[in-house]
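Input: a single structure, listed below in structure tokens.
The values are calculated or read from the model by the stated rules, or taken from the named source; none is laboratory data. Predicted, not measured: the structure shown is a model, and the values here were computed from it. When we count neighbours, we look across all protein chains shown, and the Cβ atoms used for this are built from the backbone with ideal geometry, even at glycine.
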Amino acid sequence: MMIWGALSCLLAACATLPQGPWVGPLPTSGQIMERLEARRLAVRSFVMQGTIQVKTPEDELYGDHVIKGVFPDHLRADVLGPFGRPVLTFLSSGNRLIVLDYRENQAFVGPASRQNVARFLGLALSPAEIYTILSGSVPLLPHDKAQVAPAPEPGQAQLKLLGADGSISQAVVFSLHDFAVRRAWLEEWSGQDRTGPNLECLFDSFVPLGLGDYPRNIELKDDQQRRVALASDQLTLNQPVDGSLFEMAIPPGIQVRELK
């Protein structure tokens, strides 16, 4: 769980607004982190609609999705099956989690911990981390060392961060045009041997949305054969989102189970 806990430490950091394309030599690690954080903090809300695939060794979920988010950790994801039939509603508001599983006619209520989130979405991420990733960014690892290098793809560069105890590293590949994250991964190390990547994020199908290019396709996978893939044909940023969407009355007749 150490690699998950390390992600959350910088989610409340401050940054300046995004700026224009980078010109000249590669930016320093500090400049890169400032620009990446600026992009993250610039997205105060989003609405996306498309298809979703969730695969774990125990279960599979396919359908259409409508996901709404408000900074920093309010999320509502509605998954629909054939003919628009509800399959799953995932709702996080602060530290509270409500999940309606229409397939099992059950509602799950409890704290929005990584363990509880993983039970339904497959990956052990906090709601704030999910919001960050769905908004086209990644939380940056608290680190002791940072390195910058060109990426194999033209017009891109790579930032690598090494955790303070040397057991966790993070790599972020981003565009020098607008610092949009293209790929990021976390790895754990045991001595000189790596045990990962433990978590990988892939961003694709970028569209210009005023603040820069943002991904419509997002794929997350980890070393436990768990995968979440989102393909959104509609994506809007920083538009008003009704706060009542994050409040849910559990329908009568549905069994309620408490999450620990």
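Summary table
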item: The lone exception for M33 - which of (1) part of a loop (DSSP other than H, G, I, E, B); (2) farther than 23 Å from M248 by Cα; (3) at pLDDT 95 or above it fails; result: (1)
item: Every pair of residues 6+ apart whose Cβ atoms lie under 6 Å, when the first sits in the stretch 77-88 and is in contact (Cβ under 8 Å) with a residue 12 or more places away in the chain while the second is surrounded by 10 or more Cβ atoms within 10 Å (Cβ to Cβ) and polar (S, T, N, Q); result: D78/T89
item: Lone unmet requirement of (1) without any contact (Cβ under 8 Å) to a residue 24 or more places away in the chain; (2) within 19 Å of the chain's Cα centre (by Cα); (3) farther than 18 Å from D78 by Cα for Q170; result: (1)
item: Candidate set: the stretch 173-183, residues that are in contact (Cβ under 8 Å) with a residue 60 or more places away in the chain and touching a strand residue (DSSP E or B) at 6+ places or on another chain (Cβ under 9 Å); chosen: the one surrounded by the fewest Cβ atoms within 10 Å (Cβ to Cβ); result: H177
item: Residue check for A149: surrounded by 16 or more Cβ atoms within 10 Å (Cβ to Cβ) and of a type in the set (A, V, I, L, M); result: no
item: Check on I218, in a loop (DSSP other than H, G, I, E, B) and either free of Cβ contacts under 8 Å to residues at least 12 places away in the same chain or β-branched (V, I, T) (or both); result: no
item: Within the stretch 233-260, tally of residues that are over 22 Å from the mean Cα position of the chain (by Cα), part of a strand (DSSP E or B) and surrounded by 12 or more Cβ atoms within 10 Å (Cβ to Cβ); result: 1
item: Any hit, the stretch 152-161, residues being buried (at least 19 other Cβ atoms within 10 Å of the Cβ), part of a loop (DSSP other than H, G, I, E, B) and touching a helix residue (DSSP H, G or I) at 6+ places or on another chain (Cβ under 7 Å); result: no
item: Exclusive hit being of a type in the set (G, A, S) and modelled with pLDDT under 90, set G50, G69, G94, G81; result: G94
